[in-house]
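Have a look at the structure below before the remarks.
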Amino acid sequence: MPVNEKVLDLANHISRKKRGSKNEIKATDPEYLILEPVVTDAMAEVAMCMEIRKKYTAAELAPMCGKTKEETSKQLMELAMAGVCFVNEINGVDTFWYDTWVPGIMEMMVNNKENVAKYPQIARAFEAYGRVRGPKTTGAFPVGVGLMRVIPIEKAIDGETRRVSYEEVSRYLNENTIFTVSDCSCRTAREVMGEGCGHLKEDMCIQMGHAAEYYIRTGRGRQITREEAFEIIKRAEENGLMHQIPNLDGSGHTHAICNCCGCSCLSLRTASMFKNVDMVRSNYVSHIDKDKCVACGECVETCPVNALKLGQKLCSTTPPVKKRQETPRDMEWGPEKWNAEYRTNRQDVVDTGTSPCKTECPAHIAIQGYIKLAAQGKYQEALELIKHENPFPAVCGRICPRKCESACTRGDIDEPLAIDEIKKFIAEQDMKQDNRYIPKIKHDYGKKIAVIGAGPAGLSCAFYLAIEGYKVTVFEKEEALGGMLTLGIPSFRLEKAVVNAEIEVLKELGIEFRTGIEVGKHITLQQLRAQGYEAFYLAIGAQAGRKLNIEGEDANGVISGVDFVRNINLSKEVSLQGDVVVIGGGNVAIDVARSAVRVGADKVSLFCLESREQMPALEEEVAEAETESIAINNSYGPKRILVENGQVTGVEFKKCISVFDSNGRFSPSFDENDIRIVPASSVLLSIGQAIDWGSLLEGSSVELNPNRTVKVNPFTFQTNEQDIFAGGDAYTGPKFAIDAIAAGKQAAISIHRYVQPGQSLIIGRDRREYHSLDKTSVTIESYDHQPRQKVHHMDAVKASAFADPRLTFTEEQVKKETERCLSCGATVVDEFQCVGCGSCTTKCKFGAITLVRTYNGEGVAFEELKPVVIKQMLKRKGKIAVRKAISAFGRD
């Protein structure tokens, strides 16, 4: 494409560069590329007669550029519409001026929606500007003097006696009388490039004064009241965003407030990518009170620049070695010190690790946090914290495998904390309330999403999509909701009233449930697309029983354990008598055996390949089975099922010598000479579950693995058919409910990004990679010696009863048990990287984070900027020289 020389001249003019000089703007530079699609020769000729920030009327400019007043006025309005200059009516006359590239011209150009849609080059050039020019500013601006400046969330500095008015958002809103709101230009650019981070652009940035007048005049923004502006600020803070202002209007003055996220903001990229934090920071830095901090991680996830990470509070015999932090303040700073991949490599945890409970929980729930809130009697706040990651605490309080407890540091002293029982108590308090906790719906997108399957994965996905603001419909082929929670787990472990009570919250969120509809049979995915559904989450679970593929398996009396429990839960007439053999060693097999006792079996014997130590079932569940006179027979595998006249009469078992090979792979070996024949009138098979896709995937390009699980991207849960996502047991094979719940939330995040234009499924996303502190090096100087609280059971519960005999902790027990928590983790702040936005303080429920005024930087007007920058550059140059000299002296 030929170069437009007049536009190139204008790009150099605005940049205050000379054509032919060493630093001239070239046709490949973003300054030229952003103007090129929309600036004509005539527009460039007029703009070349203007000087930065100097105001002109058409009458004043016309003789300067050799055009008539009318022609000059026309070209000036074209420039204003394009975004190259402002226009305001001053003293009854249209007055024009242009500002800096950023903040200024480039943002305004991107806010012309029609031009950006027609010429994506405009958005790409805006993104490129900071990436190309940013490195040259590294270390050159003292605190408070950057082109953009972070303004702390106001309530985060309420207690700071040294605060000044130019650090208060309310000051800027109260001193102006005219306001507009527009789309975020940074997020618009990212969206155009297909690199959106999931934070959407609409109604994000507030303009005031002359900028608001310009945005109204050119149709860039919607006029709002001051009250609406405050509401936008409030909503932004609730959604984890922070504030910045253009910082070149002089101390205490600005014409806009931006509500920013660290993953798309092109200003904050200066801090995150180039580590040039002083260019954008406020005067404040986050400080953590470790005694109050409980490592819930809420602040870590909301920090826009990854300055906060989870670490440990407990003392260690091998404390981390503190290295002198490298910063551009006194070091030469090149690409080798940048973090170019900052949008995809966020870290949640310091190298030395954090709380084992949060790490090992598949959903990474803020366990330490809700335990502390429960200790304070703040049960609803504790529930809210849990539901950030798990919509079903009452369910999980009864059936969770408690990986958190297995990892609990307290368990290395005496017994682990009864985490699940505390969670169960918290959920129980809410279920007793007349007004239950219903999460606030954040947006109103109105887009339709279909979830196929009403088990834990599907319900979790629906829950988080509904909170985000989507219209969710859950299709379930059974008449009952809950999937395996309702149909696959006996009531003596999980009463159906508990499941239904937690599903009621989803109904309150507006989620629609359509039961008795099998997608693929009664309606197809393509038909749902025709009805306006924009994405699908397949969460059909592993609802079918597996076969042994041995002789006699098809005889009468041989029943799938999954079908057996399902029929009981569906209140069908189910009864057994005589000797019953259950084959399998997992939790489901234990459930099947205990259910058999309750429907009339005279004797129940369970046989499994694994030794007692290798059994997948939880030890306490095995123990409960034994209290009900169920015989556990380890290290036996079925050889054949004995049959007479089509009816099962017994099972022939062979001794299992080993279950796994030397590489840990499942590969059982047997002693064929050690045979045991066990009489049986019924045989219940519980050796795993299979996935029945039916006709759901007909006509789709979704692929399955050899074991019938679905192929998805393990991070985004997207299948190779773009609008179809999948998770839960349908992806992993049979696992625990908490694993499915965690997957459902992550799928919801992906679906939100997928259905919104220009959003990446990966960029700016928390990878949730946790690792535990080294418990072997922990030193615990003192702790309470209270024993672990025990769960009481109902009196006189008969084995035939399907009621859950386990009671919930009393409030007194909860108080005692929460005192046993060692509070292993705490948040750690990188004080240099912190930009002082205060977003972390809004998420902390424990008063553990405060903003402390650490700097005293004050903005200066553009016209006064140059000497300030030169002074800073000379000062930095001296520091670098001193550092080099010290380093050289050290080597000598």
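Those residues that are surrounded by fewer than 15 Cβ atoms within 10 Å (Cβ to Cβ) and within 27 Å of Gly488 (Cα to Cα), I need them from the range 705-734; list them, please.
The answer is Asn705, Pro706, Asn707, Arg708, Lys711, Pro714.
Scan the range 497-518 and report the pairs whose first residue is farther than 15 Å from Arg436 by Cα and whose second residue is surrounded by fewer than 16 Cβ atoms within 10 Å (Cβ to Cβ), with Cβ atoms within less than 6 Å and a gap of 6+ or a chain change.
Between residues of the range 497-518 that are farther than 15 Å from Arg436 by Cα and residues that are surrounded by fewer than 16 Cβ atoms within 10 Å (Cβ to Cβ), the close pairs are Thr515/Glu479; Gly516/Glu479.
Give the residues of the range 20-51 that are within 15 Å of Trp101 (Cα to Cα) and not in a loop (DSSP other than H, G, I, E, B), sorted by residue number.
Hits for the range 20-51 are Pro30, Glu31, Tyr32, Leu33, Ile34, Leu35, Ala47.
Could you count how many residues in the range 150-184 are of a type in the set (Ser, Thr, Tyr) and either out of contact with any strand residue (DSSP E or B) (no Cβ under 7 Å at 6 or more places or on another chain) or open to solvent by 20 Å² or more (accessible area, probe 1.4 Å) (or both)? Let's see the steps before the verdict.
Keep residues of the range 150-184 that are of a type in the set (Ser, Thr, Tyr), which gives 161, 165-166, 170, 172, 177, 180, 182.
Filter once more, keeping what is either out of contact with any strand residue (DSSP E or B) (no Cβ under 7 Å at 6 or more places or on another chain) or open to solvent by 20 Å² or more (accessible area, probe 1.4 Å) (or both): 161, 165-166, 170, 177.
Number of matching residues: 5.
How about the range 400-428: which of its residues are over 19 Å from Lys790 (Cβ atoms) and open to solvent by less than 40 Å² (accessible area, probe 1.4 Å)? Full working, then the answer.
Our first condition is that a residue be over 19 Å from Lys790 (Cβ atoms); within the range 400-428, this holds for 401, 403, 407, 409, 412, 427.
Matches in the range 400-428: Pro401, Ala407, Thr409, Ala427.
Given (1) farther than 28 Å from Ala156 by Cβ; (2) open to solvent by less than 20 Å² (accessible area, probe 1.4 Å); (3) part of a helix (DSSP H, G or I); (4) of a type outside the set (S, T, N, Q), identify the lone condition not met by Arg820.
Among (1) farther than 28 Å from Ala156 by Cβ; (2) open to solvent by less than 20 Å² (accessible area, probe 1.4 Å); (3) part of a helix (DSSP H, G or I); (4) of a type outside the set (S, T, N, Q), Arg820 violates only (3).
Taking the range 324-357, which residues are open to solvent by 40 Å² or more (accessible area, probe 1.4 Å), of a type in the set (Asp, Glu) and assigned to a loop (DSSP other than H, G, I, E, B)?
Once the filter is applied, which keeps residues that are open to solvent by 40 Å² or more (accessible area, probe 1.4 Å), of a type in the set (Asp, Glu) and assigned to a loop (DSSP other than H, G, I, E, B), the range 324-357 yields Glu326, Glu332, Glu341, Asp351.
Which numbered condition trips up Arg676, out of (1) surrounded by fewer than 17 Cβ atoms within 10 Å (Cβ to Cβ); (2) without any contact (Cβ under 8 Å) to a residue 24 or more places away in the chain; (3) on the phi < 0 side of the Ramachandran plot; (4) over 37 Å from the mean Cα position of the chain (by Cα)?
Evaluating Arg676 over (1) surrounded by fewer than 17 Cβ atoms within 10 Å (Cβ to Cβ); (2) without any contact (Cβ under 8 Å) to a residue 24 or more places away in the chain; (3) on the phi < 0 side of the Ramachandran plot; (4) over 37 Å from the mean Cα position of the chain (by Cα) leaves (2) as the failure.
Of the conditions (1) free of Cβ contacts under 8 Å to residues at least 24 places away in the same chain; (2) within 19 Å of Glu168 (Cα to Cα), Glu238 satisfies every one except a single condition; which number is it?
Exception for Glu238: condition (1).
Residue by residue through the range 556-585, note down the ones that are among the hydrophobic types (A, V, I, L, M, F, W, C) and open to solvent by 50 Å² or more (accessible area, probe 1.4 Å). Full working, then the answer.
First, the residues of the range 556-585 that are among the hydrophobic types (A, V, I, L, M, F, W, C): 558-559, 562, 564-565, 568, 570, 574, 576, 580-583.
Correct list: Ile559, Leu570.
Taking Lys378 as the residue in question, decide whether it is under 30 Å from Thr318 (Cβ atoms), open to solvent by 10 Å² or more (accessible area, probe 1.4 Å) and modelled with pLDDT of 95 or more.
Working: under 30 Å from Thr318 (Cβ atoms): no; open to solvent by 10 Å² or more (accessible area, probe 1.4 Å): yes; modelled with pLDDT of 95 or more: yes.
Answer is no for this residue.
Where the second residue is in a loop (DSSP other than H, G, I, E, B) and the first is over 11 Å from Val683 (Cβ atoms) and lies in the range 570-581, which pairs have Cβ atoms under 6 Å and are six or more apart or on separate chains?
Listed pairs, sorted by first residue: Val574/Val599; Ser575/Val599; Ser575/Gly600; Gln577/Gly600; Gly578/Asp602; Gly578/Ser681.
Checking Pro391 against (1) in contact with a Ser or Thr (Cβ under 7 Å, 6 or more places away or on another chain); (2) within 22 Å of His792 (Cβ to Cβ): exactly one of these is not met. Which one?
The number of the failed condition is (2).
Would you mind finding the one in Leu642, Leu609 that is at pLDDT 95 or above and assigned to a loop (DSSP other than H, G, I, E, B)? Outline the logic, then answer.
Values: Leu642 fails: assigned to a loop (DSSP other than H, G, I, E, B).
Answer to the check: Leu609.
Quickly run through the range 217-232 and pick out the residues that are touching a helix residue (DSSP H, G or I) at 6+ places or on another chain (Cβ under 7 Å), polar (S, T, N, Q) and part of a loop (DSSP other than H, G, I, E, B).
Hit for the range 217-232 is Thr218, nothing else.
Could you check Thr317 against (1) of a type outside the set (D, E, K, R); (2) at pLDDT 95 or above; (3) in contact with a helix residue (DSSP H, G or I) (Cβ under 9 Å, 6 or more places away or on another chain) and say which number it fails?
Condition not satisfied by Thr317: (2).
Among Leu310, Leu383, Leu373, Leu314, which is the only one that is open to solvent by less than 20 Å² (accessible area, probe 1.4 Å) and in contact with a strand residue (DSSP E or B) (Cβ under 7 Å, 6 or more places away or on another chain)? Steps first, please.
Values: Leu383 fails: in contact with a strand residue (DSSP E or B) (Cβ under 7 Å, 6 or more places away or on another chain); Leu373 fails: in contact with a strand residue (DSSP E or B) (Cβ under 7 Å, 6 or more places away or on another chain); Leu314 fails: open to solvent by less than 20 Å² (accessible area, probe 1.4 Å).
Checking each option against the conditions leaves just Leu310.
Is one or more of the residues making up the range 640-658 among the acidic types (Asp, Glu) and within 23 Å of Lys547 (Cα to Cα)? Talk me through it step by step, then tell me what you get.
Of the residues in the range 640-658, the ones among the acidic types (Asp, Glu) are 644, 652.
Those still in the list that are within 23 Å of Lys547 (Cα to Cα) too: 644, 652.
Yes, the range 640-658 contains a residue that is among the acidic types (Asp, Glu) and within 23 Å of Lys547 (Cα to Cα).
Does the range 604-613 include one or more residues that are in contact (Cβ under 8 Å) with a residue 24 or more places away in the chain and open to solvent by 50 Å² or more (accessible area, probe 1.4 Å)?
Residues of the range 604-613 in contact (Cβ under 8 Å) with a residue 24 or more places away in the chain: 604-611.
The next check asks that each one be open to solvent by 50 Å² or more (accessible area, probe 1.4 Å); those that pass are none.
Looking for residues that are in contact (Cβ under 8 Å) with a residue 24 or more places away in the chain and open to solvent by 50 Å² or more (accessible area, probe 1.4 Å), one finds none in the range 604-613, hence no.
Condition first: among the charged types (D, E, K, R) and crowded, with 18+ Cβ neighbours inside 10 Å. Can you find one or more residues in the range 828-841 that meet it? Give the steps one after another, and end with the answer.
Going through the range 828-841, the residues among the charged types (D, E, K, R) turn out to be 830-831.
When the remaining residues are screened for being crowded, with 18+ Cβ neighbours inside 10 Å, the result is none.
Scanning the range 828-841, I find no residue that is among the charged types (D, E, K, R) and crowded, with 18+ Cβ neighbours inside 10 Å, so the answer is no.
For Gln207, only one of the following conditions fails: (1) in contact with a His (Cβ under 8 Å, 6 or more places away or on another chain); (2) assigned to a helix (DSSP H, G or I). What is its number?
Unmet condition: (2).
Here is a list: Glu89, Glu71, Glu45, Glu60. Which entry is under 17 Å from Ile14 (Cβ atoms), open to solvent by 10 Å² or more (accessible area, probe 1.4 Å) and either touching a Leu at 6+ places or on another chain (Cβ under 9 Å) or at pLDDT 95 or above (or both)?
Details: Glu89 fails: under 17 Å from Ile14 (Cβ atoms); Glu71 fails: under 17 Å from Ile14 (Cβ atoms); Glu60 fails: under 17 Å from Ile14 (Cβ atoms).
Glu45 is the lone residue from the list that is under 17 Å from Ile14 (Cβ atoms), open to solvent by 10 Å² or more (accessible area, probe 1.4 Å) and either touching a Leu at 6+ places or on another chain (Cβ under 9 Å) or at pLDDT 95 or above (or both).
Any idea how many residues of the range 272-292 are open to solvent by less than 10 Å² (accessible area, probe 1.4 Å) and not polar (S, T, N, Q)?
6
Exactly one of these conditions fails for Ala530: (1) closer than 30 Å to Gly600 by Cα; (2) open to solvent by 30 Å² or more (accessible area, probe 1.4 Å). Give me its number.
(1)
The values are calculated or read from the model by the stated rules, or taken from the named source; none is laboratory data. For clarity, every value in this text was computed on a predicted model and none was experimentally measured. Cβ atoms come from the backbone with ideal geometry, glycine included; neighbour counts cover every protein chain shown. Each accessible area value is taken on the protein alone, full model and side chains, heavy atoms only, with ligands, DNA and RNA left out. Shrake-Rupley method; radii C 1.70, N 1.55, O 1.52, S 1.80 Å.
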